[in-house]
Amino acid sequence: MTDKKLSQKNWSPWHHQLHKEILTKKILIPKGSNILISVSGGQDSMTLLTLINDLKKLHNWSISVWHGDHQWHEKSSLYALELKDYCEDKNISFSYDQANKESISSEEKAREWRYKKLCERAKTLLNTNQQKHNIYLLTGHTSSDNAETFILNLSRGSNFAGLSNIESKRLIENQIFLIRPILIFSREDTKQFCNDMKIPVWEDPTNSDLKLKRNLVRKKIIPTLEVIYPGCSERINNFSQKMSNYNNERNDLSELAYLYCRDVKGIDRNLLNGMCIQARCTILNRFLKEISAKQFSSKNLTKLATSIYEKNKGQINLQEFLKIVWDKNYINFEKS
Ligand SMILES: Nc1ncnc2c1ncn2[C@@H]1O[C@H](COP(=O)(O)OP(=O)(O)OP(=O)(O)O)[C@@H](O)[C@H]1O
């Protein structure tokens, strides 16, 4: 980055940080990308929009904005129109969809609807550029969203994956990537950014509805935890990062262990029986996925692993057409 860029009126420490992040993680949003930014009008996505728009020339990106009007409050259509004017003023192409409010009665349904519509828009963009370039869908998730998701998932019951951090890049469909570039910022950062840079924000009034679980966690639970244990959000984020690393490592190691136990005759029963019950279940689960592509409950897996461990020879019908059989040395399957 040159001093000239730094001295530009609109170049802030946040621009610098995001620019650095994009340069470091080259594959996050490559040069020359087609970007579709999902903007609610709130402080997070307005920060995202501003930063990406300011950085676009440096990275040769073409950008457009999509907004989803949930119709959850009486001013929602007006907000959409104002956002449209704001974008058009800045020569940013804008599209939006309006939901049928009865059909998106929960936060989960609203999210599903948004991703469905975003993907439809992305496919239209793909077809317009004759599928020559990937499409990058950007959302304004922050590290604060990460801490909230962790608390929500932990409280309602989750596996390791649910406690891992929000991914900054994910392929969601052929040639369509979902990118979350501002996970490096917190909600305090985006608030300060919008204040300092005088960015307008269209705050959704439903964000203060404490009947919505995420709002309760955001507005009450995390602030209370922060009073008792200052810095706890950061520690939660560090922990979820460790969970991601642990999860990746565990997946790689279990694949290796599976390949070690697997041969043409099936699964080596002696190797399997030398492992703890959790490892046996993981290997059997991997085996069952390979032979039937079906997911089995942990209760059924434990039952199978225990039977194989205890009885020298046996068989269990798992599905109508699938039987697991084992003898002293090998575990295999029979299809009828
Ligand atoms: N109605 C919407 N239209 C378009 N994009 C949306 C909408 N709602 C959410 N998003 C996208 O999903 C991201 C995360 O959504 P979430 O509901 O957590 O919003 P938020 O944390 O209140 O963010 P914001 O401050 O941008 O509203 C947003 O930053 C935005 O990119």
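Number of residues in region 28-46 that are outside any loop (DSSP other than H, G, I, E, B) and closer than 22 Å to residue 78 by Cβ equals 6. Name the single residue, out of those in region 129-152 being among the charged types (D, E, K, R) and modelled with pLDDT of 95 or more, that is farthest from the ligand (Cβ to nearest atom). Out of the qualifying residues, it is 148.
Quick check on region 103-112. Is at least one of its residues within 14 Å of the ligand (Cβ to nearest atom), over 26 Å from residue 61 (Cα atoms) and not in a helix (DSSP H, G or I)? Scanning region 103-112 turns up at least one residue that is within 14 Å of the ligand (Cβ to nearest atom), over 26 Å from residue 61 (Cα atoms) and not in a helix (DSSP H, G or I).
Hey, among 131, 192, which residue is in a helix (DSSP H, G or I) and surrounded by fewer than 18 Cβ atoms within 10 Å (Cβ to Cβ)?
Values: 131 fails: in a helix (DSSP H, G or I).
Just one listed residue meets the conditions, 192.
Can you tell me which residue in region 76-97 is nearest to the ligand (Cβ to nearest atom), limited to those that are under 26 Å from residue 192 (Cβ atoms) and without any contact (Cβ under 8 Å) to a residue 12 or more places away in the chain? Only one residue tops the list, namely 85.
With respect to the conditions (1) within 25 Å of the chain's Cα centre (by Cα); (2) aliphatic (A, V, I, L, M); (3) surrounded by 14 or more Cβ atoms within 10 Å (Cβ to Cβ); (4) not in a loop (DSSP other than H, G, I, E, B), residue 23 falls short on a single one, namely (3). Residue count for region 185-212 under the criterion of being in contact with a Leu (Cβ under 7 Å, 6 or more places away or on another chain) and more than 12 Å from the ligand (Cβ to nearest atom): the result is 1. Does residue 118 count as of a type in the set (A, V, I, L, M), assigned by TED's automatic domain parsing to the domain that holds residue 135, assigned to a helix (DSSP H, G or I) and closer than 19 Å to residue 140 by Cα? In short, yes. Candidates 59, 16: the one that is more than 12 Å from the ligand (Cβ to nearest atom) and within 22 Å of residue 133 (Cβ to Cβ) is 59.
Does residue 224 count as within 30 Å of residue 110 (Cβ to Cβ), part of a helix (DSSP H, G or I) and touching a His at 6+ places or on another chain (Cβ under 9 Å)? In short, no. Annotation note: Cβ proximity below 7 Å between a residue of region 280-292 that is in contact (Cβ under 8 Å) with a residue 12 or more places away in the chain and a residue that is not in a helix (DSSP H, G or I) (sequence gap 6+ or interchain) occurs for 283/267; 285/296; 287/267; 288/294; 288/296; 291/333; 292/319; 292/322.
Filtered by the rule that a residue be in contact with a strand residue (DSSP E or B) (Cβ under 7 Å, 6 or more places away or on another chain) and of a type in the set (Gly, Ala, Ser), region 274-296 gives a lone residue, 292.
Does residue 207 satisfy the criteria of being closer than 27 Å to residue 68 by Cα, surrounded by fewer than 19 Cβ atoms within 10 Å (Cβ to Cβ) and modelled with pLDDT of 95 or more? Show your work before the answer.
Values: closer than 27 Å to residue 68 by Cα: yes; surrounded by fewer than 19 Cβ atoms within 10 Å (Cβ to Cβ): yes; modelled with pLDDT of 95 or more: no.
Judged against the criteria, residue 207 is not a match.
The values are calculated or read from the model by the stated rules, or taken from the named source; none is laboratory data. Just so it is clear, the model here is predicted, and its values are computed rather than measured. Glycine also receives a Cβ, built like all others from the backbone with ideal geometry; neighbour counts cover every protein chain displayed.
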